[in-house]
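Data block below; observations after.
The values are calculated or read from the model by the stated rules, or taken from the named source; none is laboratory data. Just so it is clear, the structure is predicted and the values come from calculations on it, not from any experiment. Reconstructed Cβ throughout: ideal geometry from the backbone, glycine too, with neighbour counts over all protein chains shown. In case anyone asks, the SASA skips ligands and DNA or RNA and just uses the protein heavy atoms, side chains included. Shrake-Rupley method; radii C 1.70, N 1.55, O 1.52, S 1.80 Å.
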Amino acid sequence: MIFFVRHGERADQTNDNGERKRIQKSFDPHLTNVGDKQARMTGAHLNKLIQEYANEKQIQVKDLQINFMTSPFLRCIQTSINLMREIPNNSKLYIQDEIGELMYTFDFSSNILDKLHLRTEQHPILTKEYQNGVQIIKERFIKNPNLPQPVFPENDNLCYNRIKAFMVELKSQMDKLPNKTNTINICVTHQGVVELSLMIEKVKNHNWIDYCGVSQFILEDHGNVKIGIKGQSFWK
C-alpha cells in the first residue's frame, strides 16, 4: 500500500504575522503551528487506517514495514515528523528528491534545491525535541540512479514524467517483495505531486488537494493499482 500526503499549512500562506516573521528562506518556508496540528491529526487517522488494514490482512501491526519518504522541502520534512509521531514501526525519514516541489518558473526564479534548509543551515524549529527521535536520512530510500531528478526550469511534461517514473519504480520494488502486503510506503510531498500521482493512475474528478490531503494506492496481487482515498483531508 502507498500513501501520498500533501504537507500541512505553510508559513508564507497564512495570515499569522508571527509565523511569517519566522520565515528564514522565502523559497523554503516552515510549517505553521496549525500545519503541525493538521499533520498530527492526519497521522492519527492514517494510524487508524493502518490498524484496519492489518486486521483485514490478519497481520500484526508490529510486523508491518512502514517506510517514510519526503520531499527535501522543510514543510514536508516537518509534516513527515508529525505523521511519524502518530504511526508506529518507524524512526527513519528518507529524503526523496524525486517527489520534491514542481520547479516551475512562476514559483521559483532559479534552482534553489541546493539552498534548501536541509542542505545549508537547518531551521531552528527542528530541535531534537521536535524531531522526537526521528532520524532524517539524507539519502534516498528508492535508489534507482536512472530516475529523473527535479531540474530548473521544469515544464508540464518533465514534471509528469518525473513523478510517473518514481511511481513506476516504487510499485516495481514493492511488487518484487516476497510479501508486499506487509509493506506500507508513505510519501510526503506537495499539492502538484499528489495531483499528478492521481492523474497518472487515471483518477478523474478527484477532490481539491488541501493541506495534508491523502491519496491511497493499493497494490493488488496482479500488479494493478486500486485507489482507496483520493486527496482526502482528515483534520477538518
Tell me the mean residue ellipticity at 222 nm calculated for the chain from its helices only (DSSP H runs of n ≥ 4, each -39500 (n - 2.57), averaged over every residue, nearest 500). -10500 deg cm²/dmol
If you add up the charges near VAL225, with Lys and Arg at +1 and Asp and Glu at -1, over every other residue whose beta carbon is less than 11 angstrom from its beta carbon, what do you get? 0
Quick one: pull the percent of accessible area on the range 68-225 belonging to carbon and sulfur, 1.4 Å probe, ligands and nucleic acids left out. 48
Between the alpha carbon centres of the range 153-214 and the range 93-108 the gap in Å comes to 13
Checking GLN60, GLN216, GLN131 against a Gaussian network model of the chain (alpha-carbon springs below 10 Å), the top fluctuating residue turns out to be GLN60
Assigned charges on the beta-carbon of Lys, Arg, Asp, Glu; the chain dipole about Cα centre (debye): 300
In Å², what does the accessible area per residue of the range 59-133 work out to with a 1.4 Å probe? 40
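Structure shown: which of LYS57/LYS226; LYS92/LYS138; LYS21/LYS138 lie over 19 Å apart, alpha-carbon to alpha-carbon?
LYS21/LYS138
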Using a Gaussian network model on the chain with a 10 Å cutoff between Cα atoms, which of PHE141, PHE108, PHE73 fluctuates the most? PHE108
For mean projected area of the Cα convex hull in nm², which listed value, (i) 14.0; (ii) 11.5; (iii) 12.6, comes from the coordinates shown? (iii)
Quick one: which residues, 5 or more positions from GLN65 or on another chain, have an amide H under 5 Å from its amide H? H modelled 1.01 Å from N in the peptide plane, none for Pro or chain starts. THR183, ILE184
Quick check: net charge around GLN216, other residues with Cβ under 14 Å of its Cβ, Lys/Arg +1 and Asp/Glu -1? +1
Work through the residues other than ARG20 whose Cβ is under 15 Å from its Cβ and net out their charges, Lys, Arg +1 and Asp, Glu -1. 0
Straight-line reach only, C-alpha to C-alpha below 19 angstrom: list the lysines that LYS37 could link to, leaving out same-chain residues fewer than 8 apart. LYS48, LYS128, LYS236
Between LYS128, LYS92, LYS37, which gets the highest mean-square fluctuation from a Gaussian network model of the chain, Cα cutoff 10 Å? LYS128
Zone reached by a paramagnetic label modelled 7 Å from GLU220 Cα along Cα→Cβ, restricted to the range 128-166 with backbone N below 11 Å, covers none
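To the nearest 20 debye, what is the magnitude of the charge dipole of the range 79-163 about its Cα centre, counting +1 on the Cβ of each Lys and Arg and -1 on the Cβ of each Asp and Glu?
360
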